[in-house]
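The values are calculated or read from the model by the stated rules, or taken from the named source; none is laboratory data. Model, not experiment: these values are computed from the prediction. Glycine also receives a Cβ, built like all others from the backbone with ideal geometry; neighbour counts cover every protein chain displayed.
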């Protein structure tokens, strides 16, 4: 499966260790940070499409998220994730329902999707408006997923579209939409996971809410880290 411009594994923004400063002549230079991959606990591949765009997939399902707005909402009670999902080639159509989606927070808690009524009572209109400018494209799907599909668990609050409890996935449909989670105590920095249960497997999309220092580190070293990943996962030549 080939996601557009995908790296082979998700890297900084999920976890990174920084090499110590070394002396080169009279100048000090810091080595590029070394990749540290979060462990999902399930068989899958993870990719990084942009600073705040993450994807994960296995032989059955593919999930991609955009979370720039989350990183700008630390301390707030509601989290908005942009999400895309599909099943892969030769996978039978699948009914994805609300119960299949959950969020794991840095303190180890698992949070289910709220009901439609809980969401409407949450006063998330301002969050939805901010999402129009604090976002990145997540239109990176396998080539077979060429038909647009709406995830309407939480439709636009200004529209007349009613929320639904499930959506039919197929390998030709690229389903996009918003997910909301009510976060007890507010959004915090650190490692998060979006969990999506398909018929036979679980896909866990990792994303890290970055501190200002971590975000600067990512901006400074993005190309270097991308190269590390590409080099690390090139096909090995037979010995």
| field | From the options 163, 142, residue that is surrounded by 17 or more Cβ atoms within 10 Å (Cβ to Cβ) and more than 18 Å from residue 52 (Cβ to Cβ) | value | 142
| task | Return yes or no: is residue 95 without any contact (Cβ under 8 Å) to a residue 60 or more places away in the chain and in contact with a strand residue (DSSP E or B) (Cβ under 8 Å, 6 or more places away or on another chain)? | result | no
| message | Can you tell me which of (1) modelled with pLDDT of 95 or more; (2) loosely packed, with under 15 Cβ neighbours inside 10 Å; (3) closer than 21 Å to residue 100 by Cβ is the one residue 186 doesn't meet? | response | (3)
| note | Note on region 191-206: residues surrounded by fewer than 23 Cβ atoms within 10 Å (Cβ to Cβ), in contact with a helix residue (DSSP H, G or I) (Cβ under 9 Å, 6 or more places away or on another chain) and closer than 19 Å to residue 82 by Cβ are 195, 196
| Out of the residues in region 120-137 that are part of a helix (DSSP H, G or I) and within 21 Å of the chain's Cα centre (by Cα), which is farthest from residue 187 (Cα to Cα)? | 129
| request: Provide a single number: the residues in region 121-159 that are within 28 Å of residue 94 (Cα to Cα) and at pLDDT below 90. | output: 4
| Would you call residue 170 over 20 Å from residue 71 (Cα atoms), more than 18 Å from the chain's Cα centre (by Cα) and without any contact (Cβ under 8 Å) to a residue 40 or more places away in the chain? | no
| query | Tell me, which strands (runs of 3 or more DSSP E) lie completely within region 1-111 with 1 or more residues that are at pLDDT 65 or above? | reply | 45-50, 53-57, 61-66, 78-87, 94-97, 101-104
| task | Using the structure shown, decide if residue 135 is surrounded by fewer than 18 Cβ atoms within 10 Å (Cβ to Cβ) and touching a residue at least 40 places away in the same chain (Cβ under 8 Å). | result | yes
| task | Return the residue satisfying two criteria in turn: it lies in region 37-58 and is in contact with a helix residue (DSSP H, G or I) (Cβ under 9 Å, 6 or more places away or on another chain) and closer than 16 Å to residue 69 by Cα, and of such residues it is surrounded by the most Cβ atoms within 10 Å (Cβ to Cβ). | result | 52
| said: Need the failing condition index for residue 213 against (1) at pLDDT below 95; (2) farther than 20 Å from residue 37 by Cβ; (3) surrounded by 21 or more Cβ atoms within 10 Å (Cβ to Cβ), just the number. | reply: (3)
| task | Look at residue 84 and say whether it is more than 19 Å from the chain's Cα centre (by Cα) and within 27 Å of residue 191 (Cα to Cα). | result | no
| remark: Taking region 59-77 and keeping residues surrounded by fewer than 22 Cβ atoms within 10 Å (Cβ to Cβ) and either free of Cβ contacts under 8 Å to residues at least 24 places away in the same chain or touching a strand residue (DSSP E or B) at 6+ places or on another chain (Cβ under 8 Å) (or both) leaves 60, 71, 73, 74, 77
